[in-house]
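Asker: My questions will all concern the structure given below.
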């Protein structure tokens, strides 16, 4: 029987009875409503949902100025004095607002998909006499966004000219803008008190580049951030235009007949140039069984031109030109290919006769400032033969090594 009493005491009817008894006690005691917890400020990103929670004790048994009606909780936008809701009923014409009540002491104001105009002070008010209320602030933050119509696009400047990079962004709080090179290179700042300095980043909406060099060509990133994720960025390509420049590492190249030899030129040009090879008589060289051409990009504006002449013969000797042309100008470099004669000597073997080659250092004999058709002048005696001190013997199979070195160079 005692167990049944305990079960009934824990049922729904018992809980309602307890609430009724408490309400009678509140009426008898005359306790006034009070706030159990302070209303907390809310900071929320635009587009997300915000909630304010108001906890009021002793509300159910309080009569307003002796009236039979109990006290009510109302939500008010304090800065505009607009009544949003009373108890569980939304008053304002805003479908994004709703109010919930847990049937005891907690009222919640819900704002779905907050907008910038929702920011401001909100009040939870109880219509006691005098009125009681507490307030909290709703701050609506906005992630950064690039204003593309006010931000620079890809641009072209002549070498030595100036470039003005502009990046505009909106958001709340106002975004901070930082500039960086996409390749991680340095930015050159020339406007400070220290004159020309190299930095990894620059801050501000505008970056002024003066006396621009080809090394400053590339992609620049403007990054906008205000502490509200995500940060955003825009890529701006800076093209620096200049006429071609051709550099020839080895202007004189020597090799024995029957070997392959590689000729090289380094070209810098912007905009992109048309590069090709010719013989000294102006005949254009095309890729075939005799010639193999290739280009290797070293950077955004530099290219390594390479021409391989296969199995060179006497008719292949002479001048070769590497030519580069773009819309601004043209340039060329000249390489002279000469026949390098390798004298053969008899071996000092016991029975068989084996030919050997007397030569200087193999690499220096193939490329460099050599005289045509022979060895370096300082290594030859009056008879045109290499001095013994400057020579050594190489077996015939070393000719293949010489060929390989000629091709590698």
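Bear in mind that the values in this text are calculations on the coordinates, not laboratory data. Computed from a predicted structure; not experimentally measured. Counting neighbours? That spans all protein chains shown, and the Cβs are built from the backbone with ideal geometry, glycine included.
Asker: If each residue's Cβ is checked for other Cβ atoms within 10 Å, how do 289, 183, 79, 118 rank with the fewest at the top?
Answerer: Fewest to most other Cβ atoms nearby, the residues stand as 289, 183, 79, 118.
Asker: For residue 203 and residue 98, calculate 0.36 nm times their separation in residues minus their Cα-Cα distance, and state this gained length in nm to one decimal.
Answerer: Full-extension gain reported as 33.4 nm.
Asker: Let me ask something additional. What distance in nm separates the two pseudo spin-label positions at residue 313 and residue 247, each 7 Å out from Cα along the beta-carbon direction?
Answerer: 3.7
Asker: I'd like the antiparallel share, as a percent to the nearest 5, of DSSP beta bridges with both residues in the stretch 244-337.
Answerer: DSSP beta bridges in the stretch 244-337 are roughly 95 percent antiparallel.
Asker: Also, quick follow-up: Please list, by residue number, everything in the stretch 143-168 whose backbone N is under 13 Å from a paramagnetic label point 7 Å out along Cα→Cβ of residue 327.
Answerer: 155-158
Asker: Working out 0.36 nm times the residue gap between residue 91 and residue 57, then minus their Cα-Cα distance, what length gain in nm do you get to one decimal?
Answerer: 9.9 nm
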